[in-house]
Amino acid sequence: MRIRRPISPTYATPQEAIAYLASVCDGAVRRDGHGFAAEHVALGHDLSLRRRWRRRHRRKAARLIRYYRRQLERAGFDVHAVLTGKPARASRRSTSETIPQWAPDPARLHEQRFWNGRRWTSDTAPAGS
């Protein structure tokens, strides 16, 4: 039996980082600074839809995560922890930042996006949901 690790705000997987990038992607990263650039759109969305990654998929995802490091860091991801698989240590200050909640999407691509207390997730919703 496979034990599933709960999604924690202090730890994110490469799949979660790619899913976040795909969720803010409108194909115009140069215009608005969010999502994949045109040359990475197909690969990024393909990776975000795959349930299982092979070694080559993990390598491609790691390259994308390094390339979009600043964008992921602005969204609250610890890129080093995502790439190494080691959770970041939470400081006292960061543990009390905010409570998990739905909030206006900072990328302004959706009405609402879920803030899990440490970073923005790929979960989106229309206003009033």
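Using the count of nearby Cβ atoms within 10 Å as a rough guide to exposure, how do Tyr67, Tyr20, Tyr11 rank from fewest to most? Could you put the intermediate results ahead of the total?
Details: Tyr67 14, Tyr20 26, Tyr11 18.
The most exposed by this proxy come first: Tyr67, Tyr11, Tyr20.
How do Ile18, Ile99, Ile65 rank when sorted from fewest to most other Cβ atoms within 10 Å of their own Cβ? Before the final figure, lay out the partial values.
Working: Ile18 29, Ile99 8, Ile65 19.
Sorted ascending by nearby Cβ count, the order is Ile99, Ile65, Ile18.
Sort Lys60, Lys86 by Cβ crowding within 10 Å, fewest neighbours at the top.
On the way: Lys60 18, Lys86 11.
With the fewest neighbours first, Lys60, Lys86 line up as Lys86, Lys60.
All of the numbers you see were taken from the coordinates with simple rules; none came from a lab. Since the model is a prediction, treat every value here as computed from it, not as a measurement. Cβ sites come from the backbone with ideal geometry, for glycine too, and all protein chains shown count toward neighbours.
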